[in-house]
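Take a look at the structure set out below.
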Amino acid sequence: MRAKITKKLVDEMKPQAKPVFVFDTDVAGFILKVTPTGHRTYQFRYRMGGRNTRLRTYTIAKHGQMTPEQARRAAQALLGDVRRGIDPAETKK
């Protein structure tokens, strides 16, 4: 599903039998994941080196630790790092 990730959308998302992913329309790679147990997590997906490299997922925060707007700003910063050649997962380690 593609939509702008807002607090209203996050609160309205119902858990399904399998994890549900909402891809943000404003920031490339910014994702909301809703698990079958109802946990909501903000994630950032990216590739270092183009389409022929593996897809990586970086967990930004759980819903409640950050608002969707704060998580979006964090995803924008991570996107900037990826474009500069800095791997967020390696930096986190």
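The values are calculated or read from the model by the stated rules, or taken from the named source; none is laboratory data. Just so it is clear, the model here is predicted, and its values are computed rather than measured. All Cβ positions, even for glycine, are placed from backbone atoms using ideal geometry, and neighbour counts span all protein chains on display. These area figures cover heavy atoms from the full protein model, side chains too; ligands, DNA and RNA do not enter into them. Shrake-Rupley method; radii C 1.70, N 1.55, O 1.52, S 1.80 Å.
Below 8 Å between Cα atoms, with a sequence gap of 6+, how large is the relative contact order for the stretch 43-93 in percent?
34
Take every DSSP beta bridge with both residues inside the chain and express the antiparallel ones as a percent of the total, to the nearest 5. Each step should come with its number before you reach the end.
Values: 16 of 18 bridges.
Antiparallel bridges make up about 90 percent of those DSSP assigns within the chain.
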**OP:** Which order do the peptides 30-38, 4-12 take when ranked by the mean count of other beta-carbon atoms within 10 Å per residue, highest first?
**Re:** 30-38, 4-12
Original post:
Roughly to the nearest percent, how much of the accessible area of the chain is carbon and sulfur, given a 1.4 Å probe?
Top reply: 51
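Taking the Cα centre of the stretch 1-65 as origin and charging only Cβ (+1 Lys, Arg; -1 Asp, Glu), how large is the dipole, in debye to the nearest 20? Write down the numbers at each step before the final one.
On the way: 14 positive and 4 negative charges, 48 e Å.
Roughly 220 debye, rounded to the nearest 20.
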Original post:
If you line up the long axis of helix 68-83 against the longest principal axis of the chain, both from Cα atoms, how many degrees apart are they, to the nearest 10?
Top reply: 20
Subject >> Length released on extending from residue 6 to residue 91, taking residue separation times 0.36 nm less the Cα-Cα span >> reply: 27.8 nm
Original post:
Accessible area per residue, 1.4 Å probe, Å², for the chain: what's the number?
Top reply: 64
**OP:** Diagonalise the Cα gyration tensor of the chain and give the resulting equivalent ellipsoid semi-axes, square root of 5 times each eigenvalue, largest first, whole Å.
**Re:** 23, 14, 12
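Could you calculate the FRET efficiency of residue 77 with residue 53 from 1/(1 + (r/R0)^6), where r is the beta carbon distance between them and R0 is 22 Å, rounded to 0.05? It would help to have the intermediate numbers written out before the result.
Working: r = 21 Å, r/R0 = 0.95.
In this case the efficiency is close to 0.60.
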Original post:
Size of the dipole of the stretch 48-93 about the Cα centre, Lys and Arg at +1 and Asp and Glu at -1 on the beta carbon, nothing else charged, in debye to 20?
Top reply: 120
Original post:
Residue farthest toward the positive end of the dipole of the chain, with Cβ of Lys/Arg at +1 and Asp/Glu at -1: which of 48, 21, 6?
Top reply: 48
